[in-house]
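Notes follow once the structure below has been shown.
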Amino acid sequence: MTSDLQPDQRYALWNDHVRVYEAVFEPLTDQFARAAIRALDFALGSLCLDVAAGSGGAALMAARAGARVVAIDAAPGMVRRVRERAAETGLPVSAAVMDAQGLALSDAAFGAALSVFGLILCPDAGRALAEAARTLRPGGRIAVVTWTEPQNYELAARLLAAAAAVRGPLPPPPVAPAQLRYSDPVAFRALLASAGLAVEPIRRLEANLEAPSARWLAERLGFAPGLAALLAAQGEAREAVIARFCADLERDQGAGPVALRAVAQLGLARRSETGQSAAS
């Protein structure tokens with residue numbers, strides 16, 4: 001049921017965050033997407049599926065690398081933005097509104113697939129991965145990026161520290177964030193293997209979320225539904241928490257450009273040459 005889902009899992013909420021997500025967070029996710037696309041190493045003209053494509057950064061990058069891309073996302077606002085950007089750039093990217101857990105796409109249609117922090121948000125991530133695997137041609141590969149080492153995700157750590165400084169120690173959330181379900185490399189590998197794919201070694205990736213200034217970032221912290229909900233949960237202390245976040249970041253990095261560390265992991269997996277499930 002929708003009421004059981006976390007804000008980042010509620011597709012419609014993303015419609016209110018398209019532009020700010022693109023401005024603030026996509027430059028970070030693009031760094032991880034670049035590594036995923038490089039690892040896929042698809043042939044020029046290959047048909048590539050981007051699952052839960054968001055505002056389209058990875059899809060456009062894959063197209064620049066030579067793929068023809070089909071980008072799907074369950075949020076209509078995100079799909080509209082992908083289409084706008086494809087039209088603006090003339091890149092071979094098409095986009096459709098689609099739930100990753102039930103793809104209206106043919107079996108064995110794609111030579112490659114990727115998902116950057118998207119598929120792992122699905123309520124049933126295993127089903128979404130199996131659907132993506134189904135669309136791969138025999139021998140086709142999928143690249144999935146998810147978070148790891150959440151303690152090293154500096155944006156969230158600093159925001160929570162600011163909230164604690166203003167409001168006192170905060171109780172842990174009753175349920176862990178959905179995007180951290182596979183932060184353990186063993187759990188992530190098991191997810192990939194559950195789709196009957198041959199899984200390659202998991203790769204650790206590190207990048208920085210960069211912003212022109214702490215103040216610029218503080219004004220745009222609600223760039224995703226989950227962060228917007230976290231800020232709203234601060235109630236009357238919301239502005240004080242944001243101010244403390246900004247002040248602490250300026251204290252540590254100055255009034256100019258800032259960089260916040262983030263760590264992810266890249267999982268690569270291949271459909272067997274016969275199209276049959278591979279042993280995990």
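The values are calculated or read from the model by the stated rules, or taken from the named source; none is laboratory data. From a predicted model like this one, the values you see are computed outputs, not experimental measurements. Backbone-built Cβ (ideal geometry, glycine too); neighbour counts: all protein chains shown. Only protein heavy atoms, including side chains, enter the accessible area calculation; ligands, DNA and RNA are left aside. Shrake-Rupley method; radii C 1.70, N 1.55, O 1.52, S 1.80 Å.
Between Leu28, Ala39, Val97, the Cα set farthest toward the positive side of the dipole of the chain (charges on each charged residue's Cβ, about the Cα centre) is that of Ala39. An ellipsoid equivalent to the stretch 130-172, defined through the eigenvalues of its Cα gyration tensor, has semi-axes of 41, 10, 7 Å when rounded to whole angstrom and sorted largest first. Taken about its Cα centre, the stretch 36-155 carries a charge dipole of roughly 360 debye when the Cβ of each Lys and Arg holds +1 and the Cβ of each Asp and Glu holds -1.
Run the accessible area of the chain with a 1.4 Å probe and give the carbon-and-sulfur part as a rounded percent. Here carbon and sulfur together make up 54 percent of the probe-accessible area. Under a 10 Å cutoff between Cα atoms, tell me which one of Arg251, Arg137, Arg158 has the largest fluctuation in the Gaussian network model of the chain. Its mean-square fluctuation being the largest, the pick is Arg251. In terms of packing, defined here as the mean over residues of other Cβ atoms within 10 angstrom, the peptides 95-104, 43-52 line up highest first as 43-52, 95-104. Summed over the residues of the stretch 71-114 and divided among them, the accessible surface reaches 40 Å² per residue at a probe radius of 1.4 Å. Could you work out which residue, out of Ser213, Ser115, Ser55, moves most in a Gaussian network model of the chain, that is, has the largest mean-square fluctuation with Cα springs under 10 Å? Its mean-square fluctuation being the largest, the pick is Ser213. About its Cα centre, the stretch 112-190 has a charge dipole of approximately 200 debye under the convention of +1 per Lys or Arg Cβ and -1 per Asp or Glu Cβ, with nothing else charged. Only DSSP H runs of four or more residues enter the estimate; each adds -39500 (n - 2.57), and after division by the residues of the chain the mean residue ellipticity at 222 nm equals -11500 deg cm²/dmol.
Between Gly139, Gly56, Gly77, find the one with the highest GNM mean-square fluctuation for the chain; connect C-alpha pairs within less than 10 Å. Most flexible of the set in this elastic network: Gly139. For the stretch 72-116, a simple Cβ point-charge model (Lys and Arg +1, Asp and Glu -1, everything else neutral) yields a dipole of about 160 debye relative to the Cα centre. Considering the dipole of the chain built from charges on the beta carbon (Lys and Arg +1, Asp and Glu -1) around the Cα centre, which of Ala232, Ala125, Gln6 is farthest to its positive end? Most positive-ward Cα: Ala125.
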